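Asker: The structure's right below; bear with me while I get my questions together.
The values are calculated or read from the model by the stated rules, or taken from the named source; none is laboratory data. All values derive from a computational prediction rather than experimental measurement. Here the Cβ positions follow ideal geometry from the backbone for every residue, glycine too, while neighbour counts run over all protein chains shown. Keep in mind that these areas ignore ligands, DNA and RNA; they rest on the heavy atoms of the full protein, side chains included. Shrake-Rupley method; radii C 1.70, N 1.55, O 1.52, S 1.80 Å.
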Amino acid sequence: MQHPVFINKRSVSVYFGLWALIMGVHFSVFYFIYLFPIEITIGDSLVNNLFFCIIGISMWFVVRYSVPDKKNIWNVVFNHVAFLTLTLVVWIGLSITILNAVFGNNKVYGELLLNTIPNKIFTGSIYYVVIALIYYLYIYQVNLQEKIKVESRLREVLKETELTMLKSQINPHFLFNSLNSISSLTITDPAKAREMVIKLSDFLRYSVSKGAGTFTSLENEISNIRRYLEIEKVRFGDKLNFSFQLEKEVCAGHQIPVMLLQPLFENAIKHGVYESTEQVNIEMDCEYKDGFLELKIVNDFDPEARARKGTGLGLNNIRERLRLLYKNDQLLKTSVEGTRFIVLLSIPSADNIEKNHKT
Amino acid sequence: MSIRTILIDDEQPAREVIKYYLKDFEEIEIIGEFSDGFTGLKGIQELKPDLVFLDVQMPKLTGLELLELLDQPAQIIFSTAYDQYAIKAFEMNAIDYLLKPYSKDRFAQALLKAIAIIGSGQNSPAPVQKLVKTLDENPEYLHRIAVKSRHKVSVIPIEDIVYLEAEGDYVMLHTKDSRHLKEKTMKYFEAHLDPSRFIRIHRSYIVNVQFIDRIEYYDKENYAVLMKQGAKLRASTTGYKILKQMLNM
């Protein structure tokens, strides 16, 4: 850590300026109140204060290497008492010797020099304590800023990793089953197999190419989900139906976090289609209300299959992601109506976020 | 000789692959196709096939649950996309375990093994002991149990079970309003039920902690556990100790 007096020109001038001020006060008191001759007044003020001004600079090193913690508190106290004693002895000894040698012939001043030793011990201790406290304050503040910087960086890193983790959950079960469907289509319908390979590639490319924490338009996200559902439809045939109601002008261009909706549709497939022998419909619609994009995803499910409950991991991940991005944990709501599972998702629009941050 | 074969898979394309690969084997005769666990189970019981191709992840009843409920063991070749079940499948003496997607060669290998076993009249292949052991070291707790009464198969969620009672070589599962006999041992359930929810309080009883109403002094050094639906079960000294620890008494 750099010496706080010598950080820049300003800090140097502030330090010496303060001492000049103290000298001025000292001089005025001696000259105007005690009515000493001008040369004695200047001498006394200069010798005493200049001396302490230099000690004050060197005190930094004592303070710097005596930062207290729980273990060494007594060490620190000892260091300071020792250095303070030394300072006082040297300061008082030297200043009295010098001043007495120069101005000793003035009897009143000579007596004053000797009589005010207790006062000097007091003043010197005060100077010492004030300077030490300022230094400690400085160290504390620098450490605090350092800590804040590290912590905010840490949070950033954490957020990044978390998002990557949340995002990279492409279900291996889905992947292998899709590959098996492709293997099957090469026998029955090679053209369709090729089409499915392309869809699967596009889907995977979309899933891995977007950076963590990036945004995309709802339209983009939906077309990727369409790809996903079309792949699943090859596997499940008529058992799976889906429809999207998107008003193009209002919703399509809205920016939403990449791959946010994917896990919701995966859930709908997993709990709806995987567990049911009946036809399952997945529907989504959207509207824009009060600065929020309101998305509604509904899927049928077989209530008897409730035994295979998920752990809610997918939903929790989305909630966590929304909380990190929008600092709000009320953006995802789920409910059940008969045999329909409903997810309501509110995504703040870009202007809405800015407005929130300003207020 | 013809080998009567059933395909059980909820994905039609997956069944297509198997049918296509089977064309090369004249002795195979496909007598049924099913797309979920319930109808698959019924199919096996009615048609009594020589060989079954079985998917694991299916609606209603998984392939593994289906196997547990079979009266007479059938020759099974598993065909699934995910290998977390492989160990379990071998525990159930499956002939082979095909990971989707699989090649014609890999398929042929499994099928030749099946033909050899069925041809020799052998009941089932030797269990793979080592793999079973690995499963015991990584137990995944049950979250539902498939049971069968005379005409009906049902799947009981684990949270509906009040307690389990030893009944000879079987275990009786007691729910709030019904009881079901399951062909398993107490030891099996003790190992496969989540120990934070189910405690073995006695040689003959495993209780669901959620349904404990109160614990009463029974006679010297013995306690009885009263369940919310009314049952009064004896706890052994060790059982009582575990219970005490669990409930922080």
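Asker: Can you list the lysines whose alpha carbon is less than 17 Å from that of A:K333, not counting same-chain residues fewer than 8 positions off?
Answerer: Correct list for A:K333: A:K289, A:K296.
Asker: Let me ask something else about it. Counting only Cα, what are the radius of gyration and maximum Cα-Cα distance Dmax of region B:134-229, in Å?
Answerer: Gyration radius and largest Cα-Cα distance of region B:134-229: 13.9, 45 Å.
Asker: Would you mind listing how long chain B runs along its three principal axes, going by Cα atoms, in whole Å with the largest first?
Answerer: The Cα atoms of chain B stretch 71, 36, 31 Å along their principal axes.
Asker: Another question about this same structure. Full-extension gain between A:E320 and A:V150, please, as 0.36 nm times their residue separation minus the C-alpha to C-alpha distance.
Answerer: Stretched out fully, the A:E320 to A:V150 stretch lengthens by 58.9 nm.
Asker: Using a Gaussian network for chain B with springs between C-alpha atoms less than 10 Å apart, which of these wobbles most: B:P13, B:P49, B:P73?
Answerer: B:P13
Asker: Which value, in debye to the nearest 20, gives the size of the charge dipole of chain B about its Cα centre, when Lys and Arg are +1 and Asp and Glu are -1 at the Cβ?
Answerer: 880 debye
Asker: Could you work out how far the C-alpha centroid of region B:157-172 sits from that of region A:105-157, in angstrom?
Answerer: Region B:157-172 and region A:105-157 have Cα centres spaced 76 Å from each other.
Asker: What's the average, rounded to a whole number, of partner chain beta-carbon atoms within 10 Å of each residue's beta-carbon in B:100-110?
Answerer: The shielding value for this peptide is 2.
Asker: Report, by chain and number, residues whose modeled amide H sits under 5 Å from the one on A:L293, excluding near sequence neighbours (fewer than 5 apart, same chain).
Answerer: Those lying under 5 Å, H to H, from A:L293 are A:I347, A:S349.
Asker: How shielded is A:277-285 by partner chains, expressed as the average number of their Cβ atoms within 10 Å of its Cβ atoms? Walk me through the numbers on the way to the answer.
Answerer: Working: counts 9, 1, 0, 0, 0, 0, 0, 0, 0.
Mean shielding by partner chains, rounded to a whole number: 1.
Asker: For the pair A:E337 and B:D71, how long in nm is the line joining their label points, each one 7 Å along Cα→Cβ?
Answerer: About 4.6 nm, to one decimal.
Asker: What is the calculated FRET efficiency for B:L142 to B:L112, with r their C-beta to C-beta distance and R₀ = 45 Å, to the nearest 0.05?
Answerer: That pair, B:L142 with B:L112, gives E of 0.80.
Asker: Taking the Cα of A:F215, stepping 7 Å toward and past its beta carbon, and measuring to each backbone N in region A:238-279: which are under 13 Å?
Answerer: Under cut-off, by backbone N: A:253-258.
Asker: Going from most exposed to least, what order do B:I206, A:I187 have by accessible area with a 1.4 Å probe? Intermediate results must be reported in sequence, preceding the final value.
Answerer: Details: B:I206 5, A:I187 55 Å².
Ranked from most to least accessible, the order is A:I187, B:I206.
Asker: If the limit is 29 Å between Cα atoms, which of B:K48/B:K182; B:K60/B:K182; A:K239/B:K182 go over it?
Answerer: Flagged as over cut-off: A:K239/B:K182.
Asker: With an 8 Å Cα cut-off and a minimum separation of 6 or more residues, compute the relative contact order for region A:226-281 in percent.
Answerer: 49 percent.
Asker: In whole Å and largest first, what semi-axes does the C-alpha gyration tensor of chain A yield when each eigenvalue is scaled by 5 and square-rooted?
Answerer: Square roots of five times the eigenvalues give 81, 20, 17 Å.
Asker: Residues of B:13-22, mean number of Cβ from any other protein chain within 10 Å of their own Cβ, rounded to a whole number?
Answerer: Values: counts 17, 6, 1, 8, 8, 1, 3, 5, 1, 0.
Per-residue shielding by partner chains comes out at 5.
Asker: Here's another thing I want to ask about it. Starting at the first residue of region B:158-167, write each ³J(HN,Hα) from the Karplus equation 6.51 cos²θ - 1.76 cosθ + 1.60 with θ = phi - 60°, in whole Hz, x for Gly and Pro.
Answerer: Those phi angles translate into 4, 6, 8, 7, 7, 7, 10, 10, 5, 9 Hz.
Asker: Right, next: Run the reach check for B:K228 against lysines, Cα to Cα strictly under 21 Å, same-chain hits fewer than 8 apart removed. What comes back?
Answerer: By straight Cα distance, B:K228 reaches B:K176, B:K241, B:K244.
Asker: Ok, one more. If the reach is capped at under 17 angstrom between alpha carbons, list the lysines near B:K19, excluding any in the same chain fewer than eight residues apart.
Answerer: The qualifying lysines are B:K100, B:K104.
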